[in-house]
Amino acid sequence: MRIAMIGSGYVGLVSGACFADFGHVVTCVDKDAAKVAALRDGKVPIYEPGLPELVATNIHAGRLSFVIDMAEAVAEADAVFIAVGTPSRRGDGHADLSYVYEVAAEIAPFIQGFTVVVTKSTVPIGTGDEVERIIRAKRPDADVAVVSNPEFLREGAAIEDFKRPDRIVVGTEDERARAVMTEVYRPLYLNRAPILFTARRTSELIKYASNAFLATKITFINEIADLCESVGADVQDVARGIGLDNRIGGKFLHAGPGYGGSCFPKDTLALIKTGQDAGTPLRIVEVVAASNDYRKRTMARKIIMACNGSVRGKKIAILGLTFKPNTDDMRESPALTIITVLQDGGGAVIAYDPQGVEQARQLLSDVTFAHDPYSCAEGADAVVIMTEWNEFRALDFTRLRNAMRGDVLVDLRNVYNAELAAQYGFAYTSVGRNATASLKTEIKAAE
Ligand code: UGA
């Protein structure tokens with residue numbers, strides 16, 4: 001199969017490289033000349049484990065190339081994938097589809113022979129209809145089918161997710177398009193990945209419903225974590241206890257500082273807008289988004305309370321800035337709000353992140369950046385584990401404690417436990433688990 005991938009951002013690049021690795025001939029198109037030049041040299045502009053190697057191997061094998069001009073790539077393609085950004089539109093939270101529609105108009109003149117146009121970008125329900133309308137208006141003669149094929153890639157695990165997906169969703173009512181998409185994903189049949197064919201609008205909704213459901217799961221366990229703290233229960237045990245029920249499932253039940261990233265916040269907002277516009281409000285998702293937003297401030301308060309109620313004049317060391325590990329992505333990271341609240345409270349913030357510093361510099365002001373966890377903790381009154389990078393899972397506690405001025409350790413990802421932290425002299429706070437400690441104190445006080 002010959003594939004044209006329009007947009008060499010995160011999704012386009014991962015999908016293009018993986019399709020090439022399956023044996024398809026893939027041309028990635030991007031308007032950014034500097035990016036295309038860098039990619040041709042095998043330089044990948046984002047941090048995604050395994051991606052540089054995959055890109056280099058497939059360029060070398062002659063299956064993956066990068067171009068600025070789309071004409072030839074589109075003309076030769078059996079399938080043209082649209083993988084450009086759909087950011088939140090300023091003001092109303094709707095997904096901004098201008099890039100998607102621009103691409104639809106741009107590819108139209110070059111389409112030759114039967115061509116499947118596939119939207120991989122996350123797009124609201126009905127976008128496929130509009131893409132088709134735009135192409136048909138420009139090229140009434142074109143033999144084209146517009147298909148929805150949402151991506152379910154997690155940053156940091158995107159290649160694994162692409163090659164071993166739980167499912168592939170294809171939205172089309174066109175038999176020939178179905179045959180082309182079956183061929184595109186045939187290499188995955190060896191892994192027995194289920195391929196679900198649906199109507200186009202249904203497929204578009206599956207993507208939003210998936211992200212909204214996952215965001216709901218996280219928000220649910222975060223609220224249960226708060227309850228655990230109030231009533232003396234342990235959220236990790238609760239998550240395990242409910243997750244062992246196959247109907248619930250154990251994944252996405254890690255309590256923490258709230259979800260972030262480029263997808264959940266944006267997609268929940270877009271789905272809420274779609275529901276409101278359709279006269280079918282999605283009340284659960286509305287509450288999820290509000291609860292998650294509020295949580296970031298609650299987490300800042302948790303840190304302040306751990307510092308005896310005030311961070312004024314105190315030095316707070318933050319370990320981890322990105323919205324999750326194995327990415328350099330700072331978009332909607334809880335760290336952004338939490339750090340700002342700490343600074344507003346008079347705290348001085350020093351931070352370390354294995355990959356996110358470059359992006360963080362552009363989004364945060366008055367933050368000092370350290371080169372490793374221990375220099376970050378130097379002279380700090382409190383250390384906060386914000387993101388669960390592997391590098392923070394086996395910290396040298398003696399070294400960390402000795403570097404600090406104070407003894408406060410706030411673990412927003414529940415990487416450690418109170419007993420271990422106490423052995424090294426830390427005053428330890430985590431999420432939904434310190435209840436036992438406070439309950440013991442309460443019981444003692446009552447005695
Ligand atoms: C998410 C989905 O997981 C992908 O399936 C989807 O394709 C993608 O959005 C997208 O729409 O493009 P991603 O945003 O990369 O992927 O990251 P996740 O691993 O889902 O994590 C999202 C956020 O939830 C992170 O801030 C993470 O720390 C948080 N999270 C996740 C929790 O707080 N607890 C959990 O149990 C799981």
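Here's how it looks for Ala95: its modeled amide H is under 5 Å from those of Arg89, which are all 5 or more places away or on a different chain.
For the range 388-423, chymotrypsin sites (Phe, Trp or Tyr not before Pro) meeting the loop criterion (DSSP other than H, G, I, E, B) and having at most 11 other Cβ atoms within 10 Å: none. Each Lys and Arg adds +1 at its Cβ and each Asp and Glu adds -1 at its Cβ; summed about the Cα centre, the range 2-198 shows a dipole of about 240 debye. Give the shape of the range 167-284 as rounded, prolate or oblate, defined through the alpha-carbon gyration tensor: a ≥ b ≥ c are the square roots of its eigenvalues, a/c under 1.5 means rounded, and otherwise the shape is prolate if a/b is larger than b/c and oblate if not. Oblate, since a/c reaches 1.5 and b/c is not below a/b.
For the chain, the longest principal axis of the alpha carbon atoms and the long axis of helix 264-277 meet at an angle near 70°. Taking amide H positions as modeled 1.01 Å from N, with prolines and chain starts lacking one, the residues under 5 Å from Ala351 and 5 or more places away or on another chain are Ile318, Thr368, Phe369, Ala370. Projecting the Cα atoms of Val84, Pro124, Thr182 onto the charge dipole of the range 2-198 (Cβ charges, centred on the Cα centre) puts Thr182 farthest toward the positive pole. The long axis of helix 127-138 is offset from the longest Cα principal axis of the chain by roughly 30 degrees.
A simple rule links phi to the HN-Hα coupling: the Karplus curve 6.51 cos²θ - 1.76 cosθ + 1.60 with θ = phi - 60°, which for the range 341-357 gives 5, 5, 5, 4, x, x, x, 9, 10, 10, 9, 9, 9, x, 10, x, 4 Hz, with x for Gly and Pro. Counting only alpha carbon atoms, the long axis of helix 283-306 and the longest principal axis of the chain meet at about 40°. Placing +1 on the Cβ of every Lys and Arg and -1 on the Cβ of every Asp and Glu, with no other charges, gives the range 308-376 a dipole of roughly 280 debye about its Cα centre. Output the pairs from Lys120/Lys163; Lys163/Lys217; Lys43/Lys120; Lys31/Lys266; Lys217/Lys324 with a Cα-Cα distance over 21 Å in this structure; if there are none, say none. Result: Lys163/Lys217; Lys43/Lys120; Lys31/Lys266 exceed 21 Å. Here the range 2-198 has 51 percent of its accessible surface on carbon and sulfur atoms, given a 1.4 Å probe and all protein chains in place. Summarising the label geometry, the points placed 7 Å from Cα in the beta-carbon direction at Thr280 and Asn390 lie 4.3 nm from one another. The local environment of Leu319, defined by Cβ-Cβ distances under 9 Å, has a net charge of -2 under the rule Lys, Arg +1 and Asp, Glu -1.
Taking each DSSP H run with n ≥ 4 as -39500 (n - 2.57) and averaging over every residue of the chain yields -14000 deg cm²/dmol at 222 nm.
Based on the alpha-carbon gyration tensor of the chain and its eigenvalue square roots a ≥ b ≥ c, which shape applies: rounded if a/c is under 1.5, prolate if not and a/b is larger than b/c, or oblate? Here the chain falls in the prolate category.
Please list, in order, the residues from the range 250-286 whose amide nitrogen is less than 14 Å from a point placed 7 Å along the Cα→Cβ vector of Ile242. The answer is 250-256, whose backbone nitrogens lie closer than 14 Å to the label point. Rounded, prolate or oblate: which fits the range 2-198, taking a ≥ b ≥ c as square roots of the Cα gyration tensor eigenvalues, rounded meaning a/c under 1.5, else prolate when a/b beats b/c? Judged from the Cα gyration tensor, the range 2-198 comes out rounded (a/c under 1.5). The mean sequence separation of alpha-carbon pairs under 8 Å and at least six residues apart, normalised by the residue count of the range 221-446, gives a relative contact order of 23 percent. Between Ala34 and Glu419, the simple spin-label model (points 7 angstrom out along Cα→Cβ) gives 5.4 nm.
Taking the solvent-accessible surface of protein heavy atoms with a 1.4 Å probe, what is the per residue accessible area of the range 221-446 in Å²? For the range 221-446, the solvent-accessible area averages 47 Å² per residue.
Dipole orientation for the chain: of the candidates Ala199, Ser210, Ser310, Ser310 has the Cα lying most toward the positive pole (charges on Cβ; Lys, Arg +1; Asp, Glu -1).
For Val117, nonlocal amide neighbours, meaning residues 5 or more places apart or on other chains whose placed amide H falls under 5 Å from its own, are Val80, Ala145, Val146, Val147.
Entry comment: accessible area of the range 33-78 is 51 Å² per residue, from protein heavy atoms only and a probe of 1.4 Å.
Just the number, please: percent antiparallel of the DSSP beta bridges in the chain, rounded to the nearest 5. Antiparallel: roughly 5 percent of the beta bridges in the chain.
Computed from the C-beta positions of Lys251 and Ile68 and an R0 of 45 Å, the FRET efficiency is 0.65 to the nearest 0.05. Residue ranges 333-340, 130-137 sort as 333-340, 130-137 when ordered by packing (mean number of other C-beta atoms within 10 Å per residue, highest first). Rounded to the nearest 20, the Cβ-based charge dipole of the range 148-248 about its Cα centre (Lys and Arg +1, Asp and Glu -1) stands at 580 debye. Surface composition of the range 221-446: carbon plus sulfur atoms contribute 51% of the solvent-accessible area (1.4 Å probe, protein chains only, all chains present).
The values are calculated or read from the model by the stated rules, or taken from the named source; none is laboratory data. Everything quoted here is computed from the prediction, not taken from an experiment. Cβ sites come from the backbone with ideal geometry, for glycine too, and all protein chains shown count toward neighbours. When the accessible area is computed, the model is the full protein with side chains, heavy atoms only, and any ligands, DNA or RNA have been set aside. Shrake-Rupley method; radii C 1.70, N 1.55, O 1.52, S 1.80 Å.
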